[in-house]
Structures are given as structure tokens and as C-alpha cells.
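The values are calculated or read from the model by the stated rules, or taken from the named source; none is laboratory data. Bear in mind that the values here come from a model prediction, so they are computed numbers and not experimental data. All Cβ positions, glycine included, derive from the backbone under ideal geometry; neighbour counts span all protein chains shown.
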Amino acid sequence: MERSLSTTLRRRPAQVAALVVLALAASLLLAACGDTVGYTKASSGDRIHGKELFKQGCGSCHTLADAGTTGTIGPNLDYAFLQSRKDGLGEDTILQVVRDQMAYAVTTPSTGAPGMPRDIFTGQDADDVATYVASVAGLDASGQIIDPANPPKPTQPGSTDGKTVFATAGCTGCHTLKAAGSTGTVGPNLDEAKPSKDLVIDRVTNGQGGMPSFKGQLSEAQIQAVADYVSSNAGT
């Protein structure tokens, strides 16, 4: 979700209502071009499937405690929706915002920061992701609004299989790797770069540029496993 999202969602309900009207007008204009999504019902989305898709395609860019992701390229979604939760905006409103951000993503922000790929998920998959994010963003494990002074800590995924770690840690959303079936373009194309195991370990552990550090999110064994997987499969 583009960085202006967090600013927009901190506005008070009256201001948000005005923004909704403007968003509706924009949607009508887009509809004339055949490029719009309709109203998404929460009941139409599969939260469990949405969580898995989020970890695969969004987690390397966004922090979301429930998903165990700590990406820093895009906004921290727990904090982006925190004020909306406090202002009493319902889950349904957050769902529509997330769904629209996927359909009408800002791919080239004026700030020069990496943009969000448009239609990273579409159709039912996008509905599932939006439903999942709306159900957990800004909330702790007990369903209460998170305390910024004591934020929840993302949990580490348990697998030490390199391919599984690559998929669940969010690498597929940023990198192209044929062996993993991923076509992300935010980060380097790993098939072209063919990084060594030592380089993968360093980048995953410490991060660089737009790539966040996964130290603390992944265990040492998981970092070793994903480095083995990437270095042995890149370019094959």
C-alpha cells in the first residue's frame, strides 16, 4: 500500500466520509473505462487463504504482526490502520481500502520510493487478502487495539525447508526466481543475479537498500536454508 495510505487513515471520521465520496466518484470514472472493482463483502473472502497469500506476496514489503512479517518498504499495516481502529471505523471500511489499494496501486510514487505493483493479487485472491488484512491490522492476538508502546512481536515461521521459507517469508513478492514460481520485480531478479550462498545470507540477515533485515524474523537455520535454496536454484 503506498505510503500516503497511513496519513489518509489517521484522519477523523468526518474527513474520512468526505474521502469516501471522492473515492466513489473516482471509481465511477474508472468504471467508465472498465477498470474498477466493486464493493467487496467480508463474507466473500477466505481469511486463512488470504493470510498465506499475504505472507507470500506482501510480507517482504509490509509489517503485519499476525502474519509474522516485518517488511519496511511499504507502510507498517498495523500502524497504518491503528488510528482508524481508534476512530471506530469498522473492519468493512478497512477491507475496501485494502482491496482498492491492490487494484489502483501507485506504481511509481513521486517520492522516488519503490511503488506497489498493481494487481499483485486479483479477483478472489485479492478479496481473500483484503479480508484477512482487515480482520487483523491494528489488533493484537486477543483482538484488542494494539498499544504502540508495546507492539506485538511477529512470530517466526517454523519450517526450515528453504523453498518454504522463501515462499512464507515474502520473498516471492519482491524477487523473480523460476524455481519458486515467483515473478516479483521490486528486488533483483535472482535468476539473473545468481547470488552466492554467502551473499544471500548477508542480505537476508542484514538487509540492504529497500530490502529489510530478516534477523529476528527468521532463525539462523531458516536463513541458512533459504540461502542454500536460492544459491542452488537461481538461474536453473
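Okay, here's what the table says:
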| quantity | calculated |
| --- | --- |
| Checking Gly216 against (1) surrounded by fewer than 21 Cβ atoms within 10 Å (Cβ to Cβ); (2) touching a residue at least 40 places away in the same chain (Cβ under 8 Å); (3) farther than 17 Å from Leu64 by Cα, the condition it does not meet | (3) |
| Of residues in the range 148-175 being at pLDDT 85 or above and assigned to a loop (DSSP other than H, G, I, E, B), the one farthest from Phe81 (Cα to Cα) | Asp161 |
| Residue satisfying condition, being assigned to a loop (DSSP other than H, G, I, E, B), of a type in the set (Gly, Ala, Ser) and closer than 21 Å to Gly209 by Cα, within set Gly88, Gly59 | Gly59 |
| Positions within the range 177-201 being under 21 Å from Ala126 (Cβ atoms) and assigned to a strand (DSSP E or B), in sequence order | Ser182, Thr183 |
| Options Ala134, Ala130, Ala225: the member that is crowded, with 21+ Cβ neighbours inside 10 Å, touching a Gly at 6+ places or on another chain (Cβ under 8 Å) and assigned to a helix (DSSP H, G or I) | Ala130 |
| Some residue of the range 157-176 being more than 17 Å from the chain's Cα centre (by Cα), in contact (Cβ under 8 Å) with a residue 40 or more places away in the chain and within 30 Å of Tyr104 (Cα to Cα) | no |
| Positions within the range 106-126 being surrounded by fewer than 16 Cβ atoms within 10 Å (Cβ to Cβ) and of a type in the set (Gly, Ala, Ser), in sequence order | Ser110, Gly112, Ala113, Gly123 |
